[in-house]
2 protein chains.
Amino acid sequence: MPESFYERLRRSVVTSGPLVVGIDPSPAVARAWGVASDASGLRTIARTLLSACGPFAVAIKLQVAFFERLGARGYAALESVLEDARETELLVIADAKRGDIGTSNQGYAEAWLADDSPLAVDALTASPYLGVGALTPLVEQAARAGRGVFVLARTSNPEGDRLQGARMPPGGTVAEDVVSQVRAWNRGSAAGAVGVVVGATVPDTVALADLGGAVLVPGVGAQGGTASDAHQVTASAASHSVVVSVSRALSDLGPDPRRLAAAAQRWRDDLARTLS
Amino acid sequence: MPESFYERLRRSVVTSGPLVVGIDPSPAVARAWGVASDASGLRTIARTLLSACGPFAVAIKLQVAFFERLGARGYAALESVLEDARETELLVIADAKRGDIGTSNQGYAEAWLADDSPLAVDALTASPYLGVGALTPLVEQAARAGRGVFVLARTSNPEGDRLQGARMPPGGTVAEDVVSQVRAWNRGSAAGAVGVVVGATVPDTVALADLGGAVLVPGVGAQGGTASDAHQVTASAASHSVVVSVSRALSDLGPDPRRLAAAAQRWRDDLARTLS
């Protein structure tokens, strides 16, 4: 078996810190940067963030929706950004929130987690409404390939609380149940392949001790969360297992590489100091 | 405002019956059909099912995972299948189970539900783990364009029960809560734009009276459900508001158009008789 995603990520966090550069090339960002909201504009935004902020990050996280918006041409742009990212030491996370059943999940696994796919990334975000167990084909493929799956557990957006905070027998919440199932996977055959997504500003903390997998924390920066929020919500997680994505707080600065680099360095330092 | 997706679908079900031809061009189907598991093979499978079975159906449902598996080339194949489908009277459903928050959902809305997108379809399936309310950008775009969103509510796969059957205050299940939120949308500004997905063989039925939206029932045929199961689980839904997708029970028959057409006609007749 290859080294697990969890071990790769922890090793990288030790050397590079916990910053994940979120690349969300929305039409609003394209307008603010003065580039067209087409495939070429998306490539410009993504490559600029990659080269300016990448040196201060452990990973990039690409929001797939903004590439999918343009159909096949958007996916071609995404493939070329992924090629560039593979030239670096950065881990690459596709924020696609995929999730289906059976052979359909096998299709998503082959798209994102197989060595020979043009969309191959180090980790994919996945959504568990069809059951955490339904994600098995994704998790098995990730484990085989030394790649990872981040399962949505507890998110910061206000609409998420109603479902994710619902209580399940014998007593925990839906989100806590997702985390337990992920923990069980990491104790079994998928050791280290499965992580969770936990927002920086969630209404109740989730116990992350002995998760055996990585924790991805979005919602820091423009969405209102701080490095300190990210630390608090993941206080129970293992050291160097938490990575924090910052998106709009970087892209809102515009396309000047020096300004972007300086901001990424500040975020990296702030996050590294607060989380360690 | 354009005619709502719900009204369009009901009108079509009256004339064409409730059969949805599920197009799931997996590697296994490609092998069984003797075509390559590449973009060209996918197009062959999809076009054959479309032309042979389409005349007996109200809609086709494309499983996006099997196109995404091939990256940009797969999406180009999907776009060309969608072009063919737009030449017919069939409704087109993209089974993509998308779901994110905020501007990311706006990206998915522009990909699948905007008139000028190469991926534009009549309806998109969506996953509510981030909260039904988080799907607002998808629903608003659907309502504006006379298109639809089918929100996953209660699915047939065994792994789904634990989360979807969890009880929420004051007493219903997570799945029932999803249905109530969809109902509230259809009573408000998104009238008729939002439907639900309910599996044919679920452990408990969901009350669908006054939903004001369409019901998509997968899981019939190779997944074990029958027309009678589909009828039972949707007995509380409005007449002509239910459509039933059959995938592998058709594609497993192989590429002979006459055989496929005969099977589609039998399914259409069986479903129309049982559900009406």
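Some observations on this one:
- Some residue of region B:212-229 being touching a Pro at 6+ places or on another chain (Cβ under 6 Å), crowded, with 22+ Cβ neighbours inside 10 Å, of a type outside the set (Phe, Trp, Tyr) and assigned to a helix (DSSP H, G or I): no
- Filter result for A:Gly192 (touching a Phe, Trp or Tyr at 6+ places or on another chain (Cβ under 9 Å) and either closer than 28 Å to A:Gln223 by Cβ or at pLDDT 95 or above (or both)): yes
- Where A:Val242 falls short, out of the listed (1) open to solvent by 20 Å² or more (accessible area, probe 1.4 Å); (2) at pLDDT 95 or above: (1)
- Within region A:253-276, residues that are within 24 Å of A:Gly34 (Cα to Cα) have Cβ atoms under 9 Å from residues that are charged (D, E, K, R) and open to solvent by 80 Å² or more (accessible area, probe 1.4 Å) in these pairs: A:Leu253/A:Arg259, counting only partners at least 6 apart in sequence or on another chain.
- Members of region A:206-237 that are among the small types (Gly, Ala, Ser) and touching a strand residue (DSSP E or B) at 6+ places or on another chain (Cβ under 6 Å): A:Gly213, A:Ala214, A:Gly219, A:Gly221, A:Gly225, A:Ala230, A:Ala237
- Residues considered: B:Ala193, B:Ala200. Of these, the only one that is within 22 Å of A:Gly133 (Cα to Cα), open to solvent by less than 10 Å² (accessible area, probe 1.4 Å) and in contact (Cβ under 8 Å) with a residue 12 or more places away in the chain is B:Ala200.
- Residue within region A:145-160 that is free of Cβ contacts under 8 Å to residues at least 40 places away in the same chain, part of a strand (DSSP E or B) and open to solvent by 10 Å² or more (accessible area, probe 1.4 Å) present: no
- Count of residues meeting criterion [surrounded by fewer than 19 Cβ atoms within 10 Å (Cβ to Cβ) and at pLDDT below 95] in region B:169-189: 6
A quick yes/no check of all residues on (1) of a type outside the set (A, V, I, L, M); (2) touching a residue at least 12 places away in the same chain (Cβ under 8 Å); (3) open to solvent by 20 Å² or more (accessible area, probe 1.4 Å); (4) out of contact with any His (no Cβ under 9 Å at 6 or more places or on another chain):
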{"residue": "B:Arg73", "(1), (2), (3), (4)": "yes, yes, yes, yes"}
{"residue": "B:Leu91", "(1), (2), (3), (4)": "no, yes, no, yes"}
{"residue": "B:Asp115", "(1), (2), (3), (4)": "yes, yes, yes, yes"}
{"residue": "B:Pro128", "(1), (2), (3), (4)": "yes, yes, no, yes"}
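- Region A:178-203, residues that are closer than 19 Å to B:Ile101 by Cβ and part of a loop (DSSP other than H, G, I, E, B): A:Gly199, A:Ala200, A:Thr201, A:Val202, A:Pro203
- Here A:Thr274 meets each of (1) touching a His at 6+ places or on another chain (Cβ under 8 Å); (2) surrounded by 18 or more Cβ atoms within 10 Å (Cβ to Cβ) with one exception, condition (2).
- Listing of strands (runs of 3 or more DSSP E) fully contained in region A:22-130 that carry 1 or more residues being within 8 Å of chain B (Cβ to nearest Cβ): A:59-63, A:91-98
- Count of region A:161-173 residues which are facing chain B (nearest Cβ under 7 Å) and assigned to a helix (DSSP H, G or I): 2
- Screening B:Val139 on (1) surrounded by fewer than 24 Cβ atoms within 10 Å (Cβ to Cβ); (2) not in a loop (DSSP other than H, G, I, E, B) shows it passes everything except condition (1).
- Matching residues in region A:134-170 - criterion: being small (Gly, Ala, Ser), closer than 30 Å to A:Gly224 by Cα and out of contact with any Phe, Trp or Tyr (no Cβ under 7 Å at 6 or more places or on another chain): A:Ala153, A:Ser156, A:Gly160, A:Gly165, A:Ala166
- Residue within region B:2-18 that is open to solvent by 10 Å² or more (accessible area, probe 1.4 Å), under 19 Å from B:Gly74 (Cβ atoms), touching a helix residue (DSSP H, G or I) at 6+ places or on another chain (Cβ under 9 Å) and not hydroxyl-bearing (Ser, Thr, Tyr) present: no
- Residues within region B:230-239 that are buried (at least 20 other Cβ atoms within 10 Å of the Cβ) and within 11 Å of B:Thr201 (Cβ to Cβ), tallied: 2
- Scanning region A:26-67 for residues that are among the aromatic types (Phe, Trp, Tyr) and in contact (Cβ under 8 Å) with a residue 60 or more places away in the chain turns up A:Trp33, A:Phe56.
- Every residue from region A:99-117 that is under 19 Å from the mean Cα position of the chain (by Cα) and within 12 Å of B:Lys97 (Cβ to Cβ): A:Gly99, A:Asp100, A:Asn105, A:Tyr108
- Selection status of B:Ile60, within 29 Å of B:Val14 (Cβ to Cβ) and crowded, with 24+ Cβ neighbours inside 10 Å: yes
- For region A:36-51, filtering for residues that are open to solvent by 10 Å² or more (accessible area, probe 1.4 Å) and within 16 Å of A:Leu250 (Cβ to Cβ) leaves 5.
The values are calculated or read from the model by the stated rules, or taken from the named source; none is laboratory data. On a predicted model such as this, the values are computed, not experimentally measured, just so you know. Methodologically, a virtual Cβ is constructed for each residue, glycine included, from the backbone with ideal geometry; neighbour enumeration extends over all protein chains shown. Note: accessible area is taken over every heavy atom of the protein model, side chains too, but ligands, DNA and RNA are not part of it. Shrake-Rupley method; radii C 1.70, N 1.55, O 1.52, S 1.80 Å.
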